[in-house]
Amino acid sequence: MHTFTESDPTVRGAAERMAKESAFALLLLHTESDRILASNSAADVLFGYEPGGLVNRSIRMLIAGWDPHAVAGSSPFLSRCQQLSGHSFAAEVHLSDPDETPERVVTVRLLTDDTSPAPAQAGSPQLQELVSLLNATLESTADGLLVVSSNGVITGVNSRFATLWGIPSTVLAAHDDQAVMALVLEQLISPDAFLEKVTELYSQPLAESLDVLKFHDGRVFERFSRPQLVADRVVGRVWSFRDITSQRRAEKKAKSALRKLRRRAEDLKQLAYTDPLTGLGNRALFNEVLTAAHSDGEGAGTTVMLLDLDDFKEVNDIHGHQAGDRLLIDIAHKLSGCIPETGTIARLGGDEFVILLPPGIDSTSVAQNLLQTVHQPVDIDGTVILPSLSMGLADAQCDSYPQNAASDLLRRADIAMYAAKMAGKNQFIRFQAAMMEKLVARTELQETLRSAVRNREISPYFQSVHHRDGPVRQYEALARWKKGDAYCPPDIFIAEAEASGFIIDLGAHILDRACREMAPWLQDDPARSIAVNVSGIQIRERLFAERVLSAVKLNGVSPRQLVLEVTESLFLDESAEVIHQLQSLRSEGVRISLDDFGIGYSSFARLQTLPVDTVKLDKSFISVIQQASDRSPVLESMIVMAHNLGLTVTAEGVETELQAQYLYDMGCDYLQGFLYSEAVPAHKIPGRAGQRQASNP
Ligand code: C2E
Ligand code: CA
Ligand code: CA
């Protein structure tokens, strides 16, 4: 029979409260440790902690003889448990089956223990006292008790048994065992199984057993049975029944709460690894997959592909960010469809995607397929866009693979991707060791460029601009950098200066020197001018116009004698600041020339609204004129349209008399090119040296 033996009031208090709430003490453990991850309030109460106070404690401190391996998934075991106050109590402990639940769920139930009374003399006052104590206990316990003798006659029963089973006291009083059994059986869902168990137990008189009974009305009882012994002899069997319906419910609730918790944790994990725009994996996911693929030395043979959309900035600038987002989603969808199931794809951010291919996949054909699939017209808000990709591939080498392989691989793919961009976009390039050397060279260039800009080693040369009749009235300043014995081409160092921001300093220096060196020549005739190239990065500076005006004035040059050459890309982002800067310069007389016209994005419709005075037709339009019979309808209509807009037209890259004649015939206003002169230092400009001496005594 079951009685409380715990005399300590705190344990008893906890037990009463738990019984009232019909709650189980539940503890959730980390999978691989004995640390407590979470506890329910019943557990906090039982062990005497503040809410949440059990978290992170070791379960070994609470449950004596804790051995997770021995008991996992098996039936409950008995143990002494320790309260915070120092009191201990007996409990039934159950640990969830590790195959069933990912975390380990420990269920602790305060036990009602069984202590055998000290042997007593029959008829003694001691015995009488014991019997009355037993009776009192029998009636106060929450369990329904039934004692049946070995020959099947009911020899004892408490009133709780009658209440639990709804058996009328008259039936019990009549000791009508058949009627009791009939009443019991008709309430159970599986009466046959119950009967079978009973029969089995009677054939094994010493056996103890625990079982669960389910009722038609939804109740659940726990049935415990043990032999009734008198001195070592079996005289009958004790059956105890406990209504565990509410405990079961609490258990179920706790389980479903756990399930929900787990699902939420999974959702959170999923969220942390997903790119919200495209639904692909994100950088965190990719890093994890890449590192995992290489951590066990199994990385050899994998390929990392880094993908970057070409000219995505223009889509964003011209069509807006929403259109940009839609394009990214469309591309993400197409990319996913092109990679094998064993591959991983993620968006690293912006317009950059990355793919990891496992060994044995033909990365070349995957890359070709990706290029083709993406390079299809897409309709975004009624505008058709033809997107393309630049791709860098890096293969994990089979031999001696370095420790930091994962990050190295991504870096190599990045270098190869950059090479693909440089090689003209819409293509893929596989990383080769030589690319690393180029990168090193670039870094070195950055370094020397930094000191060249600082030490004013870059100077302007001047190329003449010609008119059909009349003398040269304009020179274009072109930056020249003599590196040792050779000249470094401006296309290379200007791009590098733009990328690093040195261009602001360099541009100011070229403007200042061009004005200073050409001032004597300019001062001689107010119709003369110099053209200076400026980069978009300079014009986006808030004080650009102010600085330009003060530079020309400081050198004694009129703003009317300055032409600034800008490229069309400057107007792509519709920046009001850029327009504002150019307008304030023009209001002072500075003229603006649109360089490399025709190869960019501007249309004549657009040109009408821009603060521009001149267009410079790009060299590529001139070079097509090779023979007397050659014609360029595009060139011809560009000249006509520019004139219609009130702009003057300069053609650059004129190399032959034939080209010059053709351009003049088409009405082109100014010509520039090797036919007349390359860019030369200021002191070689005819007539300038003498004037310099005159004005600079
Ligand atoms: P750009 O402004 O279009 O300059 C014209 C380029 O064409 C110059 O190349 C010039 O030397 C070259 N050129 C002139 N005549 C001919 C010809 O008949 N045939 C051919 N094939 N080429 C000819 P360069 O000096 O190498 O400059 C390249 C580009 O570097 C310039 O193109 C300009 O965009 C940029 N750049 C040069 N100096 C500066 C500068 O001071 N500031 C900025 N922001 N950019 C500059
Ligand atoms: Ca130019
Ligand atoms: Ca040009």
| query | Relative to the compact globular guide of 2.2 N^0.38 Å, what is the alpha carbon radius of gyration of the chain, as a ratio? | reply | 1.72
| Magnitude of the Cβ-charge dipole of segment 587-666, K/R +1 and D/E -1, about the Cα centre, nearest 20 debye? | 240
| task | Find which of Ala265, Ala508, Ala416 sits farthest along the positive direction of the dipole of the chain, computed with +1 on the beta-carbon of Lys and Arg, -1 on that of Asp and Glu, about the Cα centre. | result | Ala508
| Could you give me the ³J(HN,Hα) list for segment 156-165, computed from phi with Karplus coefficients 6.51, -1.76, 1.60 and θ = phi - 60°, whole Hz, x at Gly and Pro? | x, 7, 9, 5, 4, 4, 4, 5, 4, 8
| field | Cα-Cα pairs of segment 143-263 separated by more than 18 Å (percent) | value | 56
| Å² per residue, accessible surface of the chain at 1.4 Å | 52
| Rounded to the nearest 20 debye, dipole of segment 143-263 from Cβ charges on Lys, Arg, Asp, Glu | 1140
| task | Give me the Kirkwood hydrodynamic radius of segment 444-684, using the inverse of the mean 1/r over all pairs of distinct Cα atoms, in Å to one decimal. | result | 18.5
| Packing-based ranking, highest mean first, of 437-446, 635-644 given that Cβ atoms within 10 Å are counted | 635-644, 437-446
| message | Which residue, Ala545, Ser190, Phe597, has the largest displacement toward the positive end of the dipole of the chain when charges sit on each Cβ (Lys, Arg +1; Asp, Glu -1)? | response | Ala545
| note | About its Cα centre, the chain carries a charge dipole, from +1 on Lys and Arg Cβ atoms and -1 on Asp and Glu Cβ atoms, whose size in debye to the nearest 20 is 1300
| query | Of all the accessible heavy-atom surface of segment 283-431, with the other protein chains kept in place and a 1.4 Å probe, what percent is carbon and sulfur? | reply | 50
| note | With a 1.4 angstrom probe the carbon and sulfur portion of accessible area for segment 461-603, in percent, totals 49
| field | Charge-dipole axis of the chain as Lys and Arg at +1 and Asp and Glu at -1 on Cβ define it, positive-most pick from Leu62, Leu280, Ile329 | value | Leu62
| field | Per-residue [θ]222 nm for the chain (sum of -39500 (n - 2.57) over DSSP H runs n ≥ 4, rounded to 500) | value | -13000 deg cm²/dmol
| request: Lys and Arg at +1, Asp and Glu at -1: add these up for the other residues within a Cβ distance under 14 Å of Phe674 and post the number. | output: -4
| Ignoring ligands, DNA and RNA, what percent of the 1.4 Å accessible area of segment 143-263 is carbon and sulfur? | 56
| task | Compute the Rg to Rh ratio over segment 283-431 from the alpha carbon atoms, using the Kirkwood formula for Rh, and round to two decimal places. | result | 0.99
| message | Among the complete DSSP H segments of the chain, which ones combine at least 20 Å of alpha-carbon extent along their axis with a mean Kyte-Doolittle hydropathy of -1.0 or more? | response | 125-140, 321-338, 405-422, 433-454, 503-523
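The values are calculated or read from the model by the stated rules, or taken from the named source; none is laboratory data. Worth saying up front: this structure is predicted, and the values here are computed from it rather than measured. Every residue, glycine as well, gets a Cβ built from its backbone with ideal geometry; the counts of neighbours run over all protein chains shown. For accessibility, only protein heavy atoms count, side chains too; no ligands or nucleic acids. Shrake-Rupley method; radii C 1.70, N 1.55, O 1.52, S 1.80 Å.
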